[in-house]
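**Student:** The structure's right below; bear with me while I get my questions together.
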Amino acid sequence: MQNSTSRKPQPTDITPQTKIKVLLDKFPQLEDVLLEISPTFAKLKNPLLRKTVAKVADLRQVAQIGNVSIGELINKLRQEAGIEGDFDVELRPYADEGAQISDAPHWVQ
């Protein structure tokens, strides 16, 4: 009998909070896409970094490290994974680490 707590649910979407390990486990073809987007992501080929960093790093952090817009990164990954619909950064201003308080909706300020 398999322990139901031993498996975490897999995401059905790609968001800024998606961990790299989960992303690449579910969509292994996206590793090459990441490499095309930024040469910085070539470090994911290192087995040690892949086992450690990929477990804790999410796409928001990866976008920041690769100097890539979170919206562009997520939309490219979603497109290549066959997920319909664009990720709208305008609707989620805090999804981008670079978002400033002035970018927040008027009701937050």
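The values are calculated or read from the model by the stated rules, or taken from the named source; none is laboratory data. As the structure is a computational prediction, the values presented were derived from the model and not from experiment. Reconstructed Cβ throughout: ideal geometry from the backbone, glycine too, with neighbour counts over all protein chains shown. The accessibility values were calculated without ligands, DNA or RNA, using every heavy atom of the protein model including side chains. Shrake-Rupley method; radii C 1.70, N 1.55, O 1.52, S 1.80 Å.
**Student:** Residue under question is Gly71, and the condition is that it be free of Cβ contacts under 8 Å to residues at least 60 places away in the same chain and touching a helix residue (DSSP H, G or I) at 6+ places or on another chain (Cβ under 6 Å); does it hold?
**Tutor:** Considered against the rule, which asks whether it is free of Cβ contacts under 8 Å to residues at least 60 places away in the same chain and touching a helix residue (DSSP H, G or I) at 6+ places or on another chain (Cβ under 6 Å), Gly71 comes out as yes.
**Student:** Same structure, new question: Out of curiosity, is Glu36 open to solvent by 60 Å² or more (accessible area, probe 1.4 Å), part of a helix (DSSP H, G or I) and acidic (Asp, Glu)?
**Tutor:** Yes, satisfied.
**Student:** Of the residues that make up the range 29-49, is at least one modelled with pLDDT of 85 or more, under 14 Å from the mean Cα position of the chain (by Cα) and small (Gly, Ala, Ser)?
**Tutor:** yes
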